[in-house]
Amino acid sequence: MTIFQEHDKYMDEQWASEVDAGNAGNFSLDADAADWIGAPSEAYEGAPGWKEYAEGIEDGDMSTAFGYSATAETVAKRLSLMGFTPQRCKAEMAELLRDLHMIDGEDALYVPVSGTPDGEHLPIAWEDVVEIGLRALIASSKRSDAQEPLESFATACLDELEPFREFDADPRTLLAALLHGQAPDTVVRLDLHDLLAAGYFTRHDAVSELALQELATEMASSGPIIVMTEGTTDARFLKRGLQIVAPELAGYFTFLDPDAKAPGGAPELVKSLRAFAAAGIMNRVVALVDNDAAGRQAVKTLSGAPLPDRFKVCLLPDLDYVNDYPTLGPTGDTRYNINGRACSVEFYFGLDCLRADSGEPLPVRWTGFNGAINDYQGELVPGDKKAVQDRIGKMLTAAEAGDTPLDDRWDAMRQIAQTLIAAAGR
């Protein structure tokens with residue numbers, strides 16, 4: 001379904017509407033219905049008139065009843081946009097066949113040559129096996145009265161394509177290879193009338209869009225979880241910290257471009273997250289915002305315009321050791337609980353990284369009032385913040401080298417890891 005869009009849908013409106021009515025239980029099948037309903041008979045087994053209906057559909061042509069279609073040229077272009085170019089797909093098919101036969105020490109496909117008394121075999125290179133097999137598949141797909149017998153070597157090459165026709169193979173690989181060289185106006189049709197008749201969906205359902213949503217869900221569950229932060233330093237620290245406190249899970253998370261020189265801050269993160277959602281990014285995305293006034297405003301802003309379910313926004317967790325923290329403001333030096341007001345990533349590597357030479361924690365300076373959440377925003381003084389970041393870098397390096405125990409200084413980082421795991425699992 002990824003190769004079709006909703007405007008590619010075709011249907012026999014009368015047939016489709018009657019099938020929907022039947023599936024909704026609004027009428028009973030009878031002999032007259034057999035003239036225009038082409039569903040597999042088991043779909044209606046046991047319904048009134050089922051036997052007459054089953055007998056009546058045997059010779060019906062339902063290829064234009066319901067489905068999706070586009071020209072070979074259009075489908076090939078769409079496949080190329082997905083990365084399924086004919087050259088790449090044929091090369092991958094040949095390489096897979098080579099790998100499969102390498103187990104038996106075969107460097108080519110050896111086909112017996114008829115009429116040779118010594119049982120001579122003709123070697124066919126794997127690239128040629130793919131080309132010959134594709135032509136044989138197209139020839140064998142014609143109507144039985146238009147088919148010509150295949151040569152034995154063509155049949156052998158066709159048999160080699162079986163791995164690409166199985167359900168666990170991506171059908172786009174074989175389709176892209178098959179469409180190469182076809183007339184541009186050849187119609188590629190996906191006949192779905194039997195699924196409509198069986199009640200899997202109704203004629204009004206956007207089946208192509210539903211398929212893409214299912215694909216997005218599947219990709220979200222198996223693809224890497226993207227973590228977005230307010231700044232590049234945050235991303236670097238958290239990525240390294242996660243690998244230290246949760247190495248068995250760190251590989252499932254990818255931090256968004258930690259080396260990029262992109263603008264930072266909660267407002268920029270909000271813009272980026274909305275852009276990801278608008279672009280239809282299929283991965284799960286977790287945005288970690290600072291536990292300060294700006295971060296709380298970002299969460300409030302995003303809650304007003306719901307994001308896809310696979311997008312989560314989380315504040316950094318509260319910390320016990322900042323419940324009574326020194327601050328600087330117009331009224332002088334005071335101590336406050338700075339959770340939700342001033343906790344940036346620098347606060348999550350233990351209190352030792354935050355201490356001045358005197359042993360006292362480096363103070364937070366109040367920078368302004370945030371009217372959106374009716375609270376003050378605070379942050380470390382720039383020179384102090386740089387000193388804290390240097391200490392964190394040394395702490396991470398020592399832990400990565402195994403030179404320091406993972407004691408309670410890492411508890412805050414463990415809290416962040418649990419926050420990420422919980423958000424990814426919701």
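The values are calculated or read from the model by the stated rules, or taken from the named source; none is laboratory data. Predicted model only: the values in this text are computed from it and were never measured. Cβ sites come from the backbone with ideal geometry, for glycine too, and all protein chains shown count toward neighbours. We work out accessible area using only protein heavy atoms, side chains counted, and drop any ligands, DNA or RNA first. Shrake-Rupley method; radii C 1.70, N 1.55, O 1.52, S 1.80 Å.
Taking N as the residue count of region 75-216, its C-alpha radius of gyration divided by 2.2 N^0.38 Å amounts to 1.28. Between residue 385 and residue 355, the modelled label-to-label distance comes to 2.4 nm, taking each label 7 Å out from Cα in the direction of the beta carbon.
In a simple Cβ point-charge model (Lys, Arg +1; Asp, Glu -1; nothing else charged), region 158-276 has a dipole of about 740 debye relative to its Cα centre. Give the separation of the Cα centroids, region 122-197 to region 205-236, in Å. The two parts, judged by their Cα centres, are 33 Å apart.
First obtain the Kirkwood hydrodynamic radius of the chain from its Cα pairs, then insert it into the Stokes-Einstein equation at 37 °C and 0.692 mPa s, and state the resulting D in µm² per second as a whole number. Intermediate values should be presented prior to the final figure.
Values: Rh = 27.4 Å.
Once the numbers are plugged in, D ends up at 120 µm²/s.
Counting only alpha carbon atoms, the long axis of helix 13-23 and the longest principal axis of the chain meet at about 70°.
Using a Förster distance of 22 angstrom, determine the FRET efficiency expected from the C-beta separation of residue 194 and residue 148, and round it to 0.05.
On the way: r = 30 Å, r/R0 = 1.36.
According to the calculation, E is roughly 0.15.
Quick one: net charge around residue 19, please, counting Lys, Arg +1 and Asp, Glu -1 for every other residue with C-beta under 12 Å from its C-beta.
On the way: positive: 203; negative: 12, 13, 18, 20, 194.
Once all neighbours under 12 Å are counted, the net charge is -4.
Taking amide H positions as modeled 1.01 Å from N, with prolines and chain starts lacking one, the residues under 5 Å from residue 265 and 5 or more places away or on another chain are 231. Think of region 284-387 as having a plus end and a minus end, set by charges on the Cβ of Lys, Arg, Asp and Glu; of 326, 350, 368, 368 sits farthest toward the positive end of this dipole. At full extension, residue 333 and residue 305 could sit 6.2 nm farther apart than now, given 0.36 nm per residue minus the alpha carbon distance. Positive contributions from Lys and Arg (+1) and negative ones from Asp and Glu (-1), summed over other residues with Cβ under 11 Å from the Cβ of residue 75, come out at +2. Find how many whole Å separate the alpha carbon centroid of region 2-27 from the alpha carbon centroid of region 385-411. Using only Cα atoms, the two centres lie 62 Å from each other. Solvent-accessible area per residue in region 146-192 equals 63 Å², computed with a 1.4 angstrom probe and all protein chains kept.
Within the same chain, lysines fewer than 8 places from residue 90 are excluded, and of the rest, those with a Cα less than 26 Å from its Cα are 77, 142. Once the Cα atoms of helix 232-245 and of the chain are each reduced to a long axis, what angle between those two axes, in degrees from 0 to 90 to the nearest 10, is obtained? Long axis of 232-245 versus the principal axis of the chain: about 80 degrees.
Nearest 10 degrees, 0 to 90: what angle lies between the long axis of helix 126-140 and the longest principal axis of the chain (Cα atoms)? Helix 126-140 and the main axis of the chain meet at about 50 degrees.
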